[in-house]
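Let me begin by presenting the structure, written as structure tokens, before commenting on it.
Coordinate-derived values only; no laboratory data. This structure is a prediction, so every number in the text was calculated from the model and none was measured. Reconstructed Cβ throughout: ideal geometry from the backbone, glycine too, with neighbour counts over all protein chains shown.
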Amino acid sequence: MGKKNTFVKEITNMDEDIARWYTDVIIKTDLVDYSPVKGFMVIKPYGFAIWENIQRYLDDRLKACGHKNVYFPLLIPENLLNKEKEHVEGFAPEVAWVTHGGNKRLEERLCIRPTSETIICTMYAKWLNSYRDLPYLYNQWCSVVRWEKETRPFLRTSEFLWQEGHTLHETDEEAMDETLLILGHYIDLVENLLAIPVIHGVKSERERFAGAKATYTIEAMMHDGKALQAGTSHHLGQNFTKAFDIKFLDRDGEQKHPHHTSWGVSTRLIGALIMTHGDNRGLVLPPMVAPTQAVIIPIQTQNEEVMKAADKLYSELKTKGVRIELDDSDNYTPGWKFNQYEMKGYPIRIEIGPKDIEKNQVVVARRDTGEKLVFDINEFPEKVDDLLKEIQQNIFNKAKALRESKTYIAKDFEEFKVQMKEKQGFYKGMWCGEECCEEKIKDAMATTIRCIPDEQEHLYDECLVCKKKAKHMVYFAKSY
Ligand SMILES: [Zn+2]
């Protein structure tokens, strides 16, 4: 066997052990590393470049519709966390505390933010006066800490990077519009930038954010059929604004509590990207989010003609705005390089050798299909955009086809238990809306309602658990 095969063997087959496959991929592609602090990850340059592309895409869109970035403190005094009852109950089990400043015990302990509603609301109460000040449309890029028992880089870590938006509005309706506007931005981000199809809808009461009136979610299916919550947008109503006594003088001269939203996406999205598109050769990155979209590999780096052509093509593609690399290092064979970039998920690999120069061509390998295409070397810069778009679309289509192939209907509770054991995936089912039925499914098979989707279907009349009249169609799944 040649170098090629032994190289790929370093990655565990995903169908045999997807957890090990995932670990192999994130470490060998240099996205991330484990740190001396258990449950905390180090994001390396390749992983961080993906995060920066996600940030840039979303940040531009949030700013375009009036949001501004801010920064609030990392630490929150305990009394603030305790102000909203449901909120503190929801987060208490996973909060990390600062108890000392230097050698001195603090009079009041401070928590490391698990999310920032409480401290932001405290400041909003201080700032807000009149309806003329509204809406407040603020967003913060930061990290938060939630002490997790079991962690896996990107998917679940005790510290993760995210953005958290916190807005205030005059009316309930405006807050609802904002909640849905952001949900729309999240759908756009995940489907168009990351090429991951999502189901969107509202969470059941049991699954909603601690202290929210309604939580909207986007749910993605990972390669193994499990769900991953990819982003949430919460309508918080007046729960926090009352608890924190945020008031404004309204148009009618009355003092009122504003209506409140919060929303976030995090570095979990990188986990979703890996788990949705990756294959047995490693990462597969959609061109729009890939830090490098194409790499040129000259065959025979000592050949002047080859290097001249490679340099020229590099400049032309760079001018076109393609994120491009030229690997003319002598350390490794072209075959080793092919494998390396394939594993790292570069969408396009361009080979130029002496034979190609003779024919005035380049050989282009697509990561998503493995196909090798031949282009006229002078025409390729004009065609690269279309090719990248086609790859982006194909990666999305593949993920959607996989989701469809693993989406089933659950009709009966007992039958559902057996089905889920045999075939993991998304299960559509009818539900009466009662928490006890939801609870029963969770206890029996560690499966939750992912959402009540916006696109409802009438599958049958009765709740699949209690057989009373059903209210909604929901998606059930096991989740990350
Ligand atoms: Zn029921």
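Length available on full extension from LYS63 to ASP443: 0.36 nm per residue minus the Cα-Cα distance, which gives 132.5 nm. Only Lys, Arg, Asp and Glu carry charge here, each on its Cβ (+1 for the first two, -1 for the last two); on that basis the stretch 309-348 has a dipole of about 220 debye about its Cα centre.
Using only side-chain charges placed at the Cβ, +1 for Lys and Arg and -1 for Asp and Glu, the dipole size of the chain relative to its Cα centre rounds to 880 debye.
Put in line by how crowded their Cβ is, counting other Cβ atoms within 10 Å and starting with the fewest, THR29, THR261 read THR29, THR261. Given R0 = 51 Å, the distance between the Cβ atoms of LYS389 and GLU414 translates into a calculated FRET efficiency of 0.60. Toward the positive end of the charge dipole of the stretch 327-480, with +1 on the Cβ of Lys and Arg and -1 on the Cβ of Asp and Glu, the farthest Cα among PHE375, MET420, GLN393 is that of MET420.
Ordering HIS260, HIS234, HIS277 from the fewest to the most neighbouring beta carbons within 10 Å gives HIS277, HIS234, HIS260.
Once the Cβ-Cβ distance of GLU382 and TRP141 is raised to the sixth power relative to R0 = 45 Å, the FRET efficiency obtained is 0.75. If you fit an axis through the alpha-carbon atoms of helix 304-319 and take the longest principal axis of the Cα set of the chain, what angle between them do you get, 0 to 90°, nearest 10? Tilt relative to the chain: about 30 degrees. Taking only the Cα atoms of the stretch 90-183, the ratio Rg/Rh comes out at 1.06, with Rh defined as the Kirkwood radius. Peptide packing for 183-195, 125-137, 358-370 was compared via the average number of neighbouring C-beta atoms within 10 Å per residue; ordered from the highest value, the list is 183-195, 358-370, 125-137.
With helices as the sole contributors, the chain gives -11000 deg cm²/dmol at 222 nm; each DSSP H run of n ≥ 4 counts as -39500 (n - 2.57), and the sum is divided by every residue.
Which residues in the stretch 268-311 place their backbone N less than 17 Å from a point set 7 Å from the Cα of GLN55 along the Cα-to-Cβ direction? Flagged as within label range: 268-271, 289-292. For LYS467 and ARG206, the FRET efficiency from 1/(1 + (r/R0)^6), where r spans their Cβ atoms and R0 equals 22 Å, is about 0.60. Rounded, prolate or oblate, given the Cα gyration tensor of the chain, with a/c below 1.5 counting as rounded? Prolate shape, in that a/c is at least 1.5 and a/b is the bigger ratio. Straight-line reach from LYS417: taking Cα to Cα under 24 Å and skipping same-chain neighbours fewer than 8 places apart, the lysines in range are LYS203, LYS226, LYS406, LYS428, LYS440, LYS442, LYS467, LYS468, LYS469, LYS471, LYS478. Helix 172-188 axis versus longest C-alpha principal axis of the chain: approximately 20°, rounded to the nearest ten. Is any residue of the stretch 322-354 close enough, with backbone N under 13 Å, to a label point placed 7 angstrom from the Cα of GLU304 along the Cα-Cβ axis, and if so, which? So the set is empty, nothing qualifies.
Dipole magnitude for the stretch 146-259: computed about the Cα centre from +1 point charges on Lys and Arg Cβ and -1 point charges on Asp and Glu Cβ, it is near 540 debye.
Round to the nearest 10 and give me the degree value, 0 to 90, for the angle of helix 413-422's Cα axis relative to the longest principal axis of the chain. Between helix and principal axis, roughly 30 degrees. Ranking VAL362, LEU464, LEU110 by how far each Cα lies toward the positive end of the dipole of the chain (charges on Cβ) leaves LEU110 at the top.
The residue among THR407, ALA272, PRO153 whose Cα reaches farthest toward the positive pole of the charge dipole of the chain, with charges on the beta-carbon of Lys, Arg, Asp and Glu, is PRO153. Counting only other residues whose beta carbon sits under 11 Å from that of THR407, what net charge do I get with K and R as +1, D and E as -1? Here the charged neighbours net out to +4.
Descending by average beta-carbon neighbour count within 10 Å, the peptides 100-112, 44-56 line up as 44-56, 100-112, the highest first. The order of the peptides 262-270, 240-248, 63-71 by mean Cβ neighbours within 10 Å, most packed first, is 262-270, 240-248, 63-71.
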